[in-house]
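Please read the structure below before turning to the comments.
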Amino acid sequence: MYPSLAAAKAAVIAIGEEIATFGLPSGICPIVFVFTGTGNVSQGAQEIFKLLPHSFVDAGKLPELSAARSLSQHPQSSKRVFQLYGCVVSSRDMVTPKDPTRCFNKADYYAHPEHYKPVFHERIAPYASAIVNCMYWERRFPRLLSIDQLQQLMKNGCPLVGISDITCDIGGSIEFVNKSTSIERPFFRYDPCTNSCHDDMEGNGVICLAVDILPTEFSKEVGSFIE
Ligand SMILES: NC(=O)c1ccc[n+]([C@@H]2O[C@H](COP(=O)([O-])OP(=O)(O)OC[C@H]3O[C@@H](n4cnc5c(N)ncnc54)[C@H](O)[C@@H]3O)[C@@H](O)[C@H]2O)c1
């Protein structure tokens, strides 16, 4: 809806200024954005995220950060939080060797994904408010998040509210993203309890973005880049 990338960025900066000035209710904090992968898409998504007041944390620090959530959810807490948190994860945060005597090795994982089991749902997802899925994926690799894993996470009170599946592999690394969405209607709501998708944003579940033609949103800038 914005006439240029600069105008879209200005709108995000304005939201950031509100967060920096008024803060966020501590009961919904820490708000953690998890970015998967470090390639073009991840860097682009992070470029926008960095317009907001933020700190980046290592994946290993997520449990510690989340412990602060439990404390701040005390009913009498009126604390405000003035920033968001970002966490960039790569394949070593997503899988571990099935053989416990072996260490993670990226080249070995890419060659023999069948020797590895998924751990993203245990190590990362329980602490994520939003997952921005930016990584390349093929069917021979374990999924990032399956339907069963999400159902279990939500039962355990996971803070996840949204998934931006920019990679948009239908039924792929995020199993329940089973359709792409349009620029006019970019989101759907996935309810893990009933394993169903909905057009409204009002009920239970996770809001998913699955637009597979995102570069067309910045057609002017793409045009000037090509020239
Ligand atoms: N929705 C859209 O409109 C849109 C736009 C651009 C790109 N994409 C898709 O986004 C994905 C990423 O594109 P990109 O340009 O950033 O690619 P890229 O090659 O620049 O980056 C890919 C990232 O994925 C990681 N990766 C590769 N294989 C992996 C695996 N098996 N497990 C975990 N991580 C792995 C790499 O280390 C790298 O960090 C592609 O699938 C692309 O088709 C979608």
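A few notes on this one:
- Within segment 203-227, restricting attention to residues that are closer than 18 Å to C158 by Cα and of a type outside the set (A, V, I, L, M, F, W, C), the residue that is nearest to the ligand (Cβ to nearest atom) is G205.
- Among the residues of segment 150-168, the ones that are within 16 Å of the ligand (Cβ to nearest atom) and surrounded by fewer than 20 Cβ atoms within 10 Å (Cβ to Cβ) come to 1 in all.
- Residue match in segment 102-112 (condition: away from the ligand (no atom under 15 Å from the Cβ), exposed (fewer than 13 other Cβ atoms within 10 Å of the Cβ) and more than 18 Å from the chain's Cα centre (by Cα)): yes
- Checking each residue in segment 1-22 for being surrounded by fewer than 11 Cβ atoms within 10 Å (Cβ to Cβ), of a type in the set (S, T, N, Q) and either touching a Gly at 6+ places or on another chain (Cβ under 8 Å) or more than 19 Å from H54 (Cβ to Cβ) (or both) picks out no residue at all.
- For Y136, the conditions (1) within 14 Å of the ligand (Cβ to nearest atom); (2) over 27 Å from F188 (Cα atoms) all hold with the exception of (2).
- Just one residue in the set V41, V34 is within 16 Å of the ligand (Cβ to nearest atom), assigned to a helix (DSSP H, G or I) and either crowded, with 17+ Cβ neighbours inside 10 Å or charged (D, E, K, R) (or both); that residue is V41.
- Qualifying residues in segment 205-227 (those that are in a loop (DSSP other than H, G, I, E, B) and more than 21 Å from Q151 (Cβ to Cβ)) - the one farthest from the chain's Cα centre (by Cα): E227
- Within segment 126-138, one or more residues are more than 14 Å from the chain's Cα centre (by Cα) and crowded, with 16+ Cβ neighbours inside 10 Å.
Residue by residue, here is whether (1) in contact with a Pro (Cβ under 6 Å, 6 or more places away or on another chain); (2) acidic (D, E) holds:
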position	(1), (2)
S4	no, no
E17	no, yes
H54	no, no
Y85	yes, no
S91	no, no
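- Taking segment 170-180 as the range and being surrounded by fewer than 20 Cβ atoms within 10 Å (Cβ to Cβ) and either within 16 Å of G39 (Cβ to Cβ) or near the ligand (Cβ under 10 Å from one of its atoms) (or both) as the test, the residues that pass are G172, S180.
Values in this text are rule-based calculations from the coordinates and carry no lab data. Predicted model, so just to flag it, every value in this text is computed and none were measured. Heads up, the Cβs are rebuilt from the backbone with ideal geometry, glycines too, and the neighbour counts pull from every protein chain shown.
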